[in-house]
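Asker: Handing you a structure now.
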Amino acid sequence: MKNEKEYAHARMFEKNLMALDKRYPELSKKLHETAGVTSKYIIHPDTNNEFMNILLNNENINSLYYDSKDPLGYSRRYIESLDLKYAPFLIFLGFGLGYQVISALNGFSKKLKIRHIFIVEKDIRFFEAALKNYDFSQIIMHPDIEFFIGKQPQELYFEFRNYIAKNPGILEFGRSLKFIIMPAVHFFEKQYYNDVYNFFKNAIMHVFQHLGNDPYDALLGVYQTISNIRPFIADPGIIAFKDAFKSKPGIVIGAGPSLNKNIHLLKEARSKAVLIAVDAALKPLLDIGIRPHIVTNIERTAPVNAFFLNLGKQDDIYFVFSPVAAPETYNAYDGPKIIAHRYKEIMDWLDMPKGALSGSPLVGNFAFDIAQYLGCSPIIMAGQDLSFKPSEATHVKGHVFGHVDEYKTGTIEIEGNYNELLHTTQDFYKGKKSLEIQIKNFDGLCINATEGGARIDGAILLSLRQAIDAYCKETIDPSYDLKRIWSKENDCQKDPAGEIKRVCSIVDKSVLDLDSAIGDCKKGIELIDAVLKRNQLIVEDKPNPKLVQKINVITKELNEIRTKIISHPSFVTFEMVIQGYHFDLEMRRNMAYDRFYNPEFAELKSFLLLKEWFNTIGQLILSTKFALLREKTNLMLDIGSATYVTQQ
């Protein structure tokens, strides 16, 4: 009998590993590499123990992970005791032998409307034992269940954020998260899983912030892109410079106050590395005779053109310009430009393959993207403080706007590179976390040579002197390569008038598509209003049963209309305008099932918020349409075709 059980467990383990090979090859490889290393805390079934279990231990205190006689029943009863009403996004802090996951899926999946599951387990040996104990192959292969095994909490922040960024739909359930941790695990591994909890909350918050919640700012980027069509057409795209400096060192220069310590070393580095400066660092560099090879800017508002005014002709400094920025900024810089869009969707919409970089929150992040796109490695950061001391300057000496006092209101404390506490702003903090993601996803070496400022995880800490001596040994001429590629691309024949007419035609097609989406929003509102007009909301302090019945009937049709709107090509193209409000409203609709114990109240609240969704999204789509029409009119006037009649 024992041999039969061992054989069955071996077959089960093999089946689970086959699933793991397909879905999580790195985790499978790790299990193969550590095969045979058993955990003394695994209790295997014998005459005294019918079920496999785990003995947790800490400072001579012992406890079983599960009830020894009925681990599945124990797990089910524990989940019941949590009194969960709605759990579309469920996170298990601790997998153990998986009894609690099995119980949740078998007994609560329908009741709690579970849609997505994350499973985090600290101990890979526990996970291995679970694979020998139960057939998890279907769970492993399920596309909406994600495992995170044997990771440090800081690692998990990056994995959580990358996963959510690739699967933004789960943000709809961001305020309906439920965490399940078994009592014994909470007692013995409290610190680890508390850290996991906090890193997850930060990850989902930062992804949501990255999506943006300011439709005006996004709209500004859309119509400034169209306003910048002429440079978009005329100037070379960064795509032509892809890997132009493969394996050559690049130095990303921020405008933090620590740059005062080592700015002089950049003159020497100019012939040994590609110097990429943020806009605010350009004037301080030029003031002491240092000429970066590249400068960049991403701000949409016109006042930042002050960074480029009165600098004179800059023939050997290439401005990597994102068309979402103001035309005034483009015109303020007197020198060669390279186009790099922040939104690939807009570039694809216009069918202008100039090259797109990520929608980084700060110009320092964008400069890092440029260095990576050019193929630079290592990437050395200088002046990337992202913080400041309360009583000292916020930026490098010579900064156009001087000491920026508004940076010092509403600050938070942050750990510095040398264990000191510094102050930072919410924007700087977002930039820091995004930079850590960029470094995590960068295949090369990243060095933080800021010599001050906030600690940036993933970067090696060196002084700029050490970094230059160790990694910038060869003489290179970035100016020559930049000029050669830029001149070749710039000499290509172009037809500005023809391209503008083509863009206007694209705008016309998008306006028709947006009109269709607006019509669908109106239809959704009309259907909801018709139901609400004929039925009283509340009867005897309860949702009107007739209304609830009508809601159940009409919701399917409304969801089909909503799906159609979301599927419109223009919705996808201009999602940066819409997505912040879309996810916020969806989270509020899902929260209704948590706020109201009575499911009929939840249905009613969700239904009313659905009307708000059609109203808000319809208005944002309408605003996008008017922005496109306004800029199209300007383009037509620009090429002398003032015969265009504004559509209504």
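What follows draws every value from the coordinates through simple rules; no lab data is involved. What you see is a predicted model, and the numbers here were worked out from it, not measured in a lab. Note that each Cβ is placed from the backbone with ideal geometry, even for glycine, and that neighbours are counted across all protein chains shown.
Asker: For the chain, what is the charge dipole size about the Cα centre, in debye to the nearest 20, if Lys and Arg each add +1 at the Cβ and Asp and Glu each add -1 at the Cβ?
Answerer: 800 debye
Asker: Let me ask you something else. Under a Cβ-only charge scheme (Lys and Arg +1, Asp and Glu -1), can you give me the dipole magnitude of the range 66-146 about the Cα centre, in debye to the nearest 20?
Answerer: It comes to approximately 280 debye.
Asker: For Cα pairs less than 8 Å apart in space and 6+ apart in sequence, what is the mean separation divided by the residue count of the range 98-154, i.e. the relative contact order in percent?
Answerer: The value is 44 percent.
Asker: Along the three principal axes, how long is the range 278-371 when you take its alpha carbons, biggest first, rounded to the nearest angstrom?
Answerer: Sorted from largest, the Cα extents of the range 278-371 read 41, 24, 22 Å.
Asker: Something else now. Quick one: angle between helix 363-373 and the longest Cα principal axis of the chain, in degrees between 0 and 90, rounded to 10, please.
Answerer: The angle comes out at about 90 degrees.
Asker: Then there is this: Give me Rg/Rg_expected for the range 502-648, where Rg uses Cα atoms only and Rg_expected = 2.2 N^0.38 Å with N residues.
Answerer: Here the Cα radius of gyration is 1.29 times the empirical estimate.
Asker: Sorting check: for 629-636, 506-513, 374-381, which peptide has the highest mean count of neighbouring beta carbons within 10 Å, and how do the rest follow?
Answerer: Top to bottom by mean Cβ count within 10 Å: 374-381, 629-636, 506-513.
Asker: What is the angle, in °, between the Cα long axis of helix 545-567 and the longest principal axis of the Cα atoms in the chain? Nearest 10 is fine, range 0 to 90.
Answerer: 40 degrees
Asker: Something else now. Given only helices, namely DSSP H runs of n ≥ 4 each adding -39500 (n - 2.57), what is the per-residue ellipticity at 222 nm of the chain, to the nearest 500 deg cm²/dmol?
Answerer: After summing the helix terms and dividing by residue count, I get -16500 deg cm²/dmol.
Asker: Another question, if that's okay. In whole Å, largest first, what are the principal axis extents of the Cα atoms in the range 204-345?
Answerer: 43, 39, 32
Asker: Dipole of the chain (Lys/Arg Cβ +1, Asp/Glu Cβ -1, origin at the Cα centre): which of MET12, PHE241, LEU97 lies farthest to the positive side?
Answerer: The Cα lying farthest towards the positive end belongs to MET12.
Asker: Restricting to Cα atoms and excluding each atom paired with itself, what does the Kirkwood estimate give for the range 204-254 in Å?
Answerer: Taking the inverse mean of 1/r over all distinct Cα pairs, the range 204-254 comes out at 14.6 Å.
Asker: Just the C-alpha atoms of the range 329-487: what Rg/Rh do they give, with Rh taken as the Kirkwood radius?
Answerer: Across the range 329-487, the Cα-based Rg/Rh ratio is 0.99.
Asker: Right, here's the next one. I need the per residue convex hull volume for the range 424-512, using only the alpha carbons, in cubic angstrom as a whole number.
Answerer: Dividing the Cα hull volume of the range 424-512 by its residues yields 206 Å³.
Asker: While we're looking at this one, here's another question. For the range 486-536, what log10 I(q)/I(0) values come out of the Debye formula at q = 0.13, 0.26 1/Å, with one point per alpha carbon and no solvent?
Answerer: Debye output, listed in q order: -0.57, -0.93.
Asker: Would you calculate the separation in nanometres between label points at GLU80 and GLU6, each defined as 7 Å from the Cα along the Cα-to-beta-carbon direction?
Answerer: Here the answer is 3.8 nm between the modelled labels.
Asker: If you don't mind, there's one more thing I want to ask. Tell me the relative contact order for the chain as a rounded percent, counting alpha carbon contacts under 8 Å between residues six or more apart.
Answerer: Relative CO of the chain lands at 13 percent.
Asker: ARG484 versus ASN62, label points 7 Å from Cα toward the beta carbon: distance in nm?
Answerer: 7.2 nm
Asker: Among ILE621, ALA467, LEU112, pick out the residue whose Cα is farthest towards the positive end of the charge dipole of the chain, where Lys and Arg carry +1 and Asp and Glu carry -1 on C-beta, about the Cα centre.
Answerer: Checked the options; the winner is LEU112.
Asker: Under the √(5λ) rule applied to the eigenvalues of the Cα gyration tensor, what semi-axes describe the equivalent ellipsoid of the range 7-110? Give them in Å, descending.
Answerer: Here the semi-axes work out to 25, 21, 14 Å.
Asker: Also: Could you calculate the contour length gain from LYS111 to ASP316, that is, 0.36 nm times the residue separation minus the distance between their Cα atoms, to one decimal place in nm?
Answerer: Additional length available on full extension: 67.3 nm.
Asker: Under the classification rounded if a/c is under 1.5, otherwise prolate if a/b is larger than b/c and oblate if not, where does the range 62-119 fall, given a ≥ b ≥ c as square roots of the Cα gyration tensor eigenvalues?
Answerer: prolate
Asker: Across every pair of different alpha-carbon atoms, what Kirkwood hydrodynamic radius in Å does the range 172-230 reach?
Answerer: 14.9 Å
Asker: At a temperature of 37 °C and a viscosity of 0.692 mPa s, determine how fast the chain diffuses translationally according to Stokes-Einstein, using the Kirkwood radius over alpha-carbon pairs as Rh; express D in µm²/s, rounded to the nearest whole number.
Answerer: 117 µm²/s
Asker: May I ask you to derive the relative contact order of the range 308-406, considering only C-alpha pairs under 8 Å and at least 6 residues apart, and to give it as an integer percent?
Answerer: So the answer I get is 16 percent.
Asker: What's the ranking of 250-262, 233-245 by average number of surrounding C-beta atoms within 10 Å, highest first?
Answerer: Highest-to-lowest ranking by the protection proxy: 250-262, 233-245.
Asker: Per Stokes-Einstein, at 25 °C and 0.890 mPa s, what whole-number D in µm² s⁻¹ belongs to the range 139-283, with the Kirkwood radius over Cα pairs as the hydrodynamic radius?
Answerer: 120 µm²/s
Asker: Just order 589-602, 529-542 by mean Cβ neighbour count inside 10 Å, highest at the front, would you?
Answerer: Packing proxy ranking, top to bottom: 589-602, 529-542.
Asker: If you don't mind, there's one more thing I want to ask. Angle between the Cα long axis of helix 190-211 and the longest principal axis of the chain, 0 to 90 degrees, nearest 10?
Answerer: It works out to around 40 degrees.
Asker: Restricting attention to the range 293-350, which trypsin sites (Lys or Arg not before Pro) occupy a DSSP loop and are surrounded by at most 16 other Cβ atoms within 10 Å?
Answerer: LYS313
Asker: For the range 346-399, compute Rg over Rh where Rg is the Cα radius of gyration and Rh is the Kirkwood radius from the inverse mean 1/r over Cα pairs.
Answerer: 1.13
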